[in-house]
């Protein structure tokens, strides 16, 4: 099935070759059919790296923190992958994060791999593509992989679901941001980082954050088998607090693996990936079958003009397409646009 | 097919009854099968209201602006719907927006209908549910409908795609926000509102915004048949600038309807709704067929444990399920989890 080019690529990937990794990621981004072959082969072979999510509002210093973590892991001899995801930018192709990532790559190091992934296509597709990219980075022996995203929208929450440990980054004096956090991101943080902790108000931010965490539904008290998210102060620019942060990450990883949470999270992710993969395949098949008789465009027109609702159009489409496949069964229903 | 309860609900909805509307929306939110019947019947009957999207970062005064617009439209004798969507909150059920909406409803007015919709289920589902809710609000003769959302993530951009005119709201002195806007939300704004314009720095915000708009790829110069997004200053709390804003909304609506952009937007939306509806239906069918032989949970386990990749698992699932339906064809392939 697969060409020798793909086979070489898989070999290169498993040998940790950076160019092979770059090509594989591009194939995934472009939804190239070769990406399927690659994923099929590496899935059972990929290692199990620590995937560390880093999220927070713009301006809190996420990229500086990621750079500091990268240096600290490199000092430990680790091979570090950084994947910057920019769900807020369907138009500019992730330029915001991309630029910063390029700045960081100015220091060349063969054991650090940076990549930014921008949104393509429909919403659910982003976390699916990100999951595949994480898989090829894991196959190329990068561990840990730092997964950086901007903002607090639903896509970001979903992308953060791919991480084993989620760092939520804040900075002092962003009162409104904390308010916004209330609405959702608080529950996904495993570790909270108050960066730029040399600024005025850092202690107040820590205090407010701890108070909110104590109230949060997902974060009960200590000594009950639950993880209690620590709040850690850093000045990422100077590397301050980074060692403490890495210790907390290690501790969290130990906790989730021992408690069976990692297995539960993986099942959830697997179910979601299965859903998305099935949806893409099944709708593509339906679309192709319907397009042959221009039923698909009739269906779109019927909805666009407000004549029909999507669910009943789908029902008719399925009946019409089934009627074609099973030619022995007469097809009585009218056209989709009727 | 449909019970007399559903028939009464449809009648009430078309008569503009608020309780019928509230029940219909709850049925949509809960994915109740009765919602399908309702949508099927009202789709061809619903009017074509102005749908005005209002988006922007927390703290810019979106809700105050929505309240000011509501009062101004009420003064014109219009029946105003407000739909607040909170994609950032999969956990708290949209409490952030919901609370503010409830505050507004303290002033009782039968010709104003407020509702907040929170995220349920998968990502793409939000805009699908929102589209259905807009449809039932339209059927109940609310026009205009103000569609409010928080933030600048991909889900928000998608929800704003349901609006005919998108207002992007900013406030002076939120420099970082403007930076964040660069990354995506700039292109979706049809009208930019600098609210809290009595604050220091309002003119600078307007100047910076205009400079950015002039650079933006989607916003070429005047006199070339393109819409040039105006920048309007408001003090929503005092109703300042609201009349000018409403004029701009009317002008934009006239422009998009005359230029055929509304038709193009509706086709795009219809295609998306069709995709989502088909995906939900087809995956549910596959899941049901696979569950009967516990193939679905085997498939989830194979992905979760890293043994298989999602796409090839889906292929095997389809083959196994087809093999069952067409019993005459022998099924040679192994199980999904093999």
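The values are calculated or read from the model by the stated rules, or taken from the named source; none is laboratory data. These figures come from a predicted structure and were not determined experimentally. Quick reminder, even Gly has a Cβ in these numbers, built from the backbone with ideal geometry, and neighbours come from all protein chains shown.
Results, tabulated for the structure shown:
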item: Matching entry among B:146, B:170 (being under 14 Å from the mean Cα position of the chain (by Cα), modelled with pLDDT of 75 or more, surrounded by 19 or more Cβ atoms within 10 Å (Cβ to Cβ) and under 30 Å from residue B:206 (Cβ atoms)); result: B:146
item: Residue A:278 being without any contact (Cβ under 8 Å) to a residue 24 or more places away in the chain and either buried (at least 21 other Cβ atoms within 10 Å of the Cβ) or over 27 Å from residue B:302 (Cβ atoms) (or both); result: yes
item: Residues of segment A:235-275 satisfying the condition of being out of contact with any helix residue (DSSP H, G or I) (no Cβ under 6 Å at 6 or more places or on another chain), over 19 Å from residue A:188 (Cα atoms) and assigned to a loop (DSSP other than H, G, I, E, B); result: A:241
item: Residue in segment B:74-84 that is farthest from the chain's Cα centre (by Cα), counting only those that are crowded, with 23+ Cβ neighbours inside 10 Å and under 15 Å from residue B:138 (Cβ atoms); result: B:80
item: Contacts under 6 angstrom Cβ, first residue in segment B:288-299 being free of Cβ contacts under 8 Å to residues at least 60 places away in the same chain, partner buried (at least 21 other Cβ atoms within 10 Å of the Cβ) and assigned to a loop (DSSP other than H, G, I, E, B), 6 or more apart; result: B:295/B:336; B:298/B:336; B:299/B:336
item: Every residue from segment B:258-275 that is under 22 Å from residue A:276 (Cβ atoms) and at pLDDT 85 or above; result: B:270, B:271, B:274, B:275
item: Verdict on residue B:182 being surrounded by fewer than 23 Cβ atoms within 10 Å (Cβ to Cβ) and either assigned by TED's automatic domain parsing to the domain that holds residue B:273 or modelled with pLDDT of 65 or more (or both); result: no
item: Complete set of residues in segment B:293-335 that are at pLDDT 80 or above, outside any helix (DSSP H, G or I) and more than 8 Å from every other protein chain (Cβ to nearest Cβ); result: B:293, B:294
item: Answer from B:44, B:58 - the residue that is within 14 Å of chain A (Cβ to nearest Cβ) and farther than 14 Å from residue B:132 by Cα; result: B:58
item: Some residue of segment B:110-125 being within 30 Å of residue A:127 (Cβ to Cβ) and modelled with pLDDT of 85 or more; result: yes
